[in-house]
Amino acid sequence: MATPHIELEDKSKIAKTVLMPGDPLRAKFIAETYLENVEQINGVRNMFGYTGTYKGKKISVMGSGMGMPSIGIYSYELFKFYDVETIIRIGSAGAYTDKLNLYDVVLSTAAWSESSYAKTMGVSSKKKLNATKSVNSALKRSAKKLGIEIHEGVIHSSDVFYRINGDEFKDIHEKHGCLCVEMESFALFANALATGKKAACLLTISDSLVTHELTSAKERQEAFTRMMEIALNAKV
């Protein structure tokens, strides 16, 4: 039952809903901070995965790594071979507008990308893929119940972190309405489309391309708790 990238052989040990931060240490932090009866389910390439319970509900959390090829592999294996029904990415993002501040939470309605991931996979030639509406609705209800403000909109999934033209984000924001940038959700949404499963993305603003403010690596690992709590409490 194990795949090339996930060592778990008993798929009953993974929950139907998986929370997926990019950083495997963020997955470890979530498991140790929020979950009870925790069992580690993956350690291949140090891409840590855990299953436990949160308020009596079985939840798994696993890192995805950085970039679309990485989350593309892990999310596809979870959907296809481990019978996971829903993956909620909980990641960091850079703001494209001064209306977003550090630590603001963004719920992606769709991901726009220049990436060829979906086309190469044979899923879609579209440059914008939608999140699953029912999961987004559950996340919005959770945020409202917790009293946490969220910003909704299209996000940019980029293959490139260091662009030669650092001001290109201004055109992307204007032409495609992208609120912020990250590097994974377009592939996650493509895999959900390919497998008939569900996917969503919650992001915390870790830096701003407008104001040039930024958070530290430790803050990105441990301080983005509001989006974690929204995802943990969502009834999907």
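The values are calculated or read from the model by the stated rules, or taken from the named source; none is laboratory data. Everything numeric here is computed off the predicted structure, so don't read it as measured data. With ideal geometry, Cβ positions are generated from the backbone for all residues, glycine too; neighbour counts draw on all protein chains shown. What goes into the accessible areas is simple: the full protein's heavy atoms, side chains included, and nothing from ligands, DNA or RNA. Shrake-Rupley method; radii C 1.70, N 1.55, O 1.52, S 1.80 Å.
Values as computed for the structure displayed
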| item | result |
| --- | --- |
| Sole exception among (1) hydroxyl-bearing (Ser, Thr, Tyr); (2) open to solvent by 40 Å² or more (accessible area, probe 1.4 Å); (3) in contact (Cβ under 8 Å) with a residue 24 or more places away in the chain for residue 137, by number | (3) |
| Helices (runs of 4 or more DSSP H) contained in the range 79-198 and holding at least 2 residues aliphatic (A, V, I, L, M) | 117-121, 133-146, 185-195 |
| Residues that are open to solvent by 10 Å² or more (accessible area, probe 1.4 Å) and aliphatic (A, V, I, L, M), drawn from the range 64-90 | 66, 73 |
| Search result, residues across the range 140-163 that are open to solvent by 70 Å² or more (accessible area, probe 1.4 Å) and over 24 Å from residue 67 (Cβ atoms) | 140, 141, 144, 145, 146, 149, 152 |
| Unique match (being among the polar types (S, T, N, Q) and closer than 17 Å to residue 29 by Cα) among 208, 216 | 216 |
| Enumeration of residues in the range 41-63 that are open to solvent by less than 40 Å² (accessible area, probe 1.4 Å) and without any contact (Cβ under 8 Å) to a residue 24 or more places away in the chain | 50, 52, 53 |
| Test result for residue 28, basic (Lys, Arg), free of Cβ contacts under 8 Å to residues at least 24 places away in the same chain and under 22 Å from residue 234 (Cα atoms) | yes |
| Tally of residues being open to solvent by 10 Å² or more (accessible area, probe 1.4 Å) and among the hydrophobic types (A, V, I, L, M, F, W, C) across the range 193-232 | 7 |
| Residue selected from the range 95-139 under the condition more than 19 Å from residue 156 (Cβ to Cβ), small (Gly, Ala, Ser) and out of contact with any strand residue (DSSP E or B) (no Cβ under 9 Å at 6 or more places or on another chain), by the criterion modelled with the highest pLDDT | 137 |
| Selected residue (criterion: surrounded by the most Cβ atoms within 10 Å (Cβ to Cβ)) from residues of the range 91-134 that are over 18 Å from the mean Cα position of the chain (by Cα) and among the aliphatic types (A, V, I, L, M) | 100 |
| Every residue from the range 211-236 that is in a loop (DSSP other than H, G, I, E, B) and over 29 Å from residue 135 (Cβ atoms) | 211, 212, 213, 216 |
| Complete set of residues in the range 171-184 that are open to solvent by 50 Å² or more (accessible area, probe 1.4 Å) and touching a residue at least 24 places away in the same chain (Cβ under 8 Å) | 173, 176 |
| Failed item in (1) closer than 13 Å to residue 228 by Cα; (2) of a type outside the set (Val, Ile, Thr); (3) open to solvent by less than 10 Å² (accessible area, probe 1.4 Å), with residue 29 passing the rest | (3) |
